[in-house]
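Take a look at the structure set out below.
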Amino acid sequence: MRKLGTLLLIASLACTSCKENSENKRYLPPSTGAVNSLMVVMDNNLWQGEVGDKVRAIFADRVLAVPQSEAIFSLTQIPPQVFSGAVSNSRSVLYVQRDSLSIGHVKSNVYAIPQKVAVVKGRTTEELLANLDSVGPKAIASFRNNEISEAQRRFKRSLNSETDLKDELGIHLDIPSVYRVGKHEENFVWIDRQILKGNMNIIAYSMPWDSFSNDSTFVRDIVKMRDSIGKKYVPGPYDGTFMITERAFAPYVFPAEVGGLMAAEVRGIWEINGYPMAGPFLSYIISDKANNRKLVLEGFIFAPSANKRDDLLELEAIMKTLKIETTQS
């Protein structure tokens, strides 16, 4: 009997614990918000002064390598007393407050899922400015990664089923069904979609493993590669015209990781040699040692007079779904 009583007591305690855990687990609604939008929660007097200027300088800075001036995020400011209900479900939130603490950090899933909330507090204006500078890069990276994950979640609902990338390069990308293969040649696949004022494109090809081995000529070698690929595969509207890298500005290059592999991220402007057309491009040069190659994925956009920030994010989100499916012989 004593043993039976002990078992019943353990079972009772386990049920009580499960009930308490269930009650303590707070339901969080799905987050909301337009692509690349940022809800800024701060008092109006801070927003209209030096602290607000710092927020705009950091989070509404110009996107790199786009023809028109576009901000990294579209900012909406509200005072703290309004930050409740549906507004608090915003996917990206920056909360700035004068306080007895001096902190700057990024939290996840505070009011909704998925959500990133950057919290900046300070006792003085100087502390608020310093903490904004300190947390800014991390917050921007967190917000952008969250946007990319959200874009991937949305377009995975309906994916392109064409196998050209796998057949030619042994890779897989999660590509929305609105994209179609426009060109497939040896070691080259071009996928595109039509948009209201132009088109969005992804091209994929490989280069020998020892390409770009000289750090001192790295950027020059990237431009040379892009120009040769453009001449061979990406024609302009008339005979003798083709895509090249814009001559006026060198592209920006950053370290990156794509599909779990080391990569170089390249952002710049493409143009058509001999014809007035141009737009932004985003390339990843991926070190695929298992296949003894540099795998190149590039997204580029042609959309005259239209904003391109959000379309570039979609191309980035697609390319970052890379999976190497087979080992190339």
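Along the Cα→Cβ direction, 7 angstrom out, place labels at TRP209 and SER100. What is the inter-label distance in nm?
6.2
Given a 1.4 Å probe and heavy atoms of the protein chains only, how would you sort ILE202, ILE229, largest accessible area at the top?
ILE229, ILE202
Pairs of lysine in the stretch 80-219 with Cα under 22 Å and at least 8 positions apart or on different chains: total?
9
Please report the carbon-and-sulfur percent of the accessible area for the chain; probe 1.4 Å, protein heavy atoms only, DNA, RNA and ligands left out.
On the way: 8930 of 17060 Å².
C and S fraction of accessible area: 52 percent.
Report, in whole Å, the centroid distance computed from the Cα atoms of the stretch 271-303 and the stretch 116-158.
Each part's Cα centre sits 28 Å from the other's.
Quote to one decimal, in nm, the extra length available between VAL110 and LYS156 on full extension: 0.36 nm per residue of separation minus the C-alpha distance between them. Mind showing how you got there, number by number?
Numbers: separation 46, 0.36 × 46 = 16.56 nm, distance 2.53 nm.
That pair, VAL110 and LYS156, stretches by 14.0 nm at full extension.
Which of the peptides 311-319, 26-34, 163-171, 205-213 is most tightly packed, and how do the rest follow, judged by the mean count of other Cβ atoms within 10 Å per residue?
Highest mean packing first, the order is 311-319, 163-171, 205-213, 26-34.
Suppose R0 equals 25 Å; then what is the FRET efficiency for MET277 and ASP310 from their Cβ-Cβ distance, rounded to the nearest 0.05? Working shown, then result.
Working: r = 21 Å, r/R0 = 0.84.
Plugging the Cβ-Cβ distance into 1/(1 + (r/R0)^6) gives 0.75.
Using a 1.4 angstrom probe, figure out how much accessible area the chain has per residue, in square angstrom, rounded to the nearest whole.
Using a 1.4 Å probe on heavy atoms only, each residue of the chain averages 52 Å².
Please give the net charge around MET243, taking every other residue with its beta carbon less than 11 angstrom from that of MET243, where Lys and Arg add +1 and Asp and Glu add -1. Let's see the in-between values first.
On the way: positive: ARG226, LYS231, LYS232; negative: ASP227, GLU246, GLU271, GLU298.
Summing Lys/Arg as +1 and Asp/Glu as -1 gives -1.
Just ASP310, ASP221, ASP239 to compare: in a GNM of the chain, with alpha carbon springs under 10 Å, which one fluctuates most?
For the chain, modelled as a Gaussian network with Cα springs under 10 Å, the answer is ASP239.
Go ahead and estimate [θ] at 222 nm for the chain from helices alone: -39,500 (n - 2.57) per DSSP H run with n ≥ 4, summed, over the residue count, rounded to 500.
Only helices count here, giving -10000 deg cm²/dmol.
Considering the Cα positions of the chain, please state its Rg to one decimal place and its Dmax as a whole number of Å.
Radius of gyration, then largest Cα-Cα span, for the chain: 24.5, 95 Å.
The values are calculated or read from the model by the stated rules, or taken from the named source; none is laboratory data. The structure displayed is predicted, hence computed values, not measured ones. So basically every Cβ, Gly included, is an ideal-geometry build from the backbone, and we count neighbours across all protein chains shown. Protein only, heavy atoms only, side chains kept; ligands, DNA and RNA dropped before computing areas. Shrake-Rupley method; radii C 1.70, N 1.55, O 1.52, S 1.80 Å.
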